[in-house]
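Accompanying notes for the structure given below.
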Amino acid sequence: MKTIFKTLICTVLCCAAWSAFATAPVPTTLGIAFKGAAGCAGPDVGSVSLNGPGTPDVYVQLTVTETSSGNPVTCGKGMIQIATDNMGKPTSAGSAFCWVDITGSGGVDLDSNGHACFPVDLDNLASPSLTCNMMPLQNVTCPTGPIGFRIHYVSSGPNCSFSGGFTVGTDLTINCGGVCGTNTNFTIGYELADGPGNPCPGSSHCWTYIMKVQNCTATDLTNVKIQGGLAAWINVAQTVVTSDVAPQPTIYQPGHSNNRIVQWIGNIPQGTEVNITVTVCGTVSRHCGTVMGLSGNWSATGHDPSGNEVTTGYTGTVEATVDCDTTTCIP
């Protein structure tokens, strides 16, 4: 018994001594800056234009320094987040419903100057695996307001003992000169305008999404076909589709299939866009976590004056996820 008691006293005293001599993390100062086409080696910018999917629109730079000395911190990682509203649409820092991590796997290591650089393709963000309020992250489209970013610094690695944290949420202005800005492509993207991203099991709702097709090529495009599928569980009788440019879209059933296709065929002059608004209604599954597709993948195909085919590629799908948490789901 005496031996056990002495051991306990020693353990307590040893732990107290270790705690007393443990090294606290070195305080850090975190900074965020936006860079233009020249990358993180270039000058700071306060605004950028959208240049089409496939090329970064902005480079976002994290700077980490020791607060007391101002020396760069050269270990640890940064992870960049974008502000979104409750529908997954990027928004300003002050209006953020969620901060969605768009870093990718593992984060970005700090370099010898205490910097981590993040190329961001604003009009190619959409991903079903990145969500806010169970709604997939959407692309940034014109027109739009400021878009908020922040970066999370994490101290990691051998002999790396610095305080982590987040930069201040900071807005980037998006230049939308006319329809295209600096975009030079034929593009399609969607925006979920209304409807719950987390419906309760067995509940009935309507959702509205907008497909935006922009002709930012160097020529007019004729005989453009914009189309996408409706989900099989949707009540087709309650589906409404409209376009802000004539003609109006139609819904048809191909062959003997049960599929329903929304289609618009017309001309899109250079530097203009077509917005197709789709409203669908239905009763969601009673199974928790079920992903309810509201649309299939959309695309657009047209022809330039030489008869060459020009295509947009495909969008992601618009989705809602059945939520069985009665404190958060939408009845």
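Being outside any strand (DSSP E or B), under 14 Å from the mean Cα position of the chain (by Cα) and on the phi > 0 side of the Ramachandran plot is a description that does not apply to residue 54. Among the residues of the stretch 259-292, those identified as of a type in the set (Gly, Ala, Ser) and closer than 30 Å to residue 202 by Cα are 282, 285, 289. For the stretch 275-331, residues that are more than 23 Å from residue 193 (Cβ to Cβ) and in a strand (DSSP E or B) total 6. Going by the structure shown, is residue 278 modelled with pLDDT of 90 or more, hydrophobic (A, V, I, L, M, F, W, C) and buried (at least 19 other Cβ atoms within 10 Å of the Cβ)? Yes.
Residues that are buried (at least 19 other Cβ atoms within 10 Å of the Cβ) and under 30 Å from residue 311 (Cβ atoms) within the stretch 50-89 comprise 50, 51, 52, 53, 57, 58, 59, 82, 84, 87, 88, 89, listed in sequence order.
If we scan the stretch 243-258, do we find a residue that is under 22 Å from the mean Cα position of the chain (by Cα), surrounded by 12 or more Cβ atoms within 10 Å (Cβ to Cβ), over 22 Å from residue 143 (Cβ atoms) and at pLDDT 90 or above? There is no residue in the stretch 243-258 that is under 22 Å from the mean Cα position of the chain (by Cα), surrounded by 12 or more Cβ atoms within 10 Å (Cβ to Cβ), over 22 Å from residue 143 (Cβ atoms) and at pLDDT 90 or above. Being under 27 Å from residue 111 (Cα atoms), touching a residue at least 24 places away in the same chain (Cβ under 8 Å) and not assigned by TED's automatic domain parsing to the domain that holds residue 192 holds for only one residue in 84, 91, 55, and it is 55. A Cβ distance below 6 Å, combined with a sequence gap of six or more or placement on separate chains, defines the contacts here; from the stretch 260-272, residues that are of a type in the set (D, E, K, R) reach no residue that is surrounded by fewer than 14 Cβ atoms within 10 Å (Cβ to Cβ) and in a strand (DSSP E or B). The requirement of being within 21 Å of residue 34 (Cβ to Cβ), of a type outside the set (Lys, Arg) and not in a strand (DSSP E or B) is not satisfied by residue 88. For the structure I just gave you, tell me whether residue 323 is surrounded by 14 or more Cβ atoms within 10 Å (Cβ to Cβ) and either among the charged types (D, E, K, R) or in contact with a Ser or Thr (Cβ under 7 Å, 6 or more places away or on another chain) (or both). When the stated conditions are applied, residue 323 passes them.
One line per residue, one yes/no per condition, for (1) of a type in the set (Phe, Trp, Tyr); (2) in a loop (DSSP other than H, G, I, E, B):
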| site | (1), (2) |
| --- | --- |
| 197 | no, yes |
| 205 | no, no |
| 213 | no, no |
| 218 | no, yes |
| 224 | no, no |
| 228 | no, no |
| 233 | yes, yes |
| 241 | no, no |
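Scanning the stretch 119-139 for residues that are buried (at least 22 other Cβ atoms within 10 Å of the Cβ) and under 21 Å from residue 44 (Cα atoms) yields 122, 123.
The values are calculated or read from the model by the stated rules, or taken from the named source; none is laboratory data. Every value quoted in this text rests on a predicted model; they were computed, and no experiment measured them. A quick note on method: Cβ atoms are made from the backbone with ideal geometry, for glycine too, and the neighbour counts reach across all protein chains shown.
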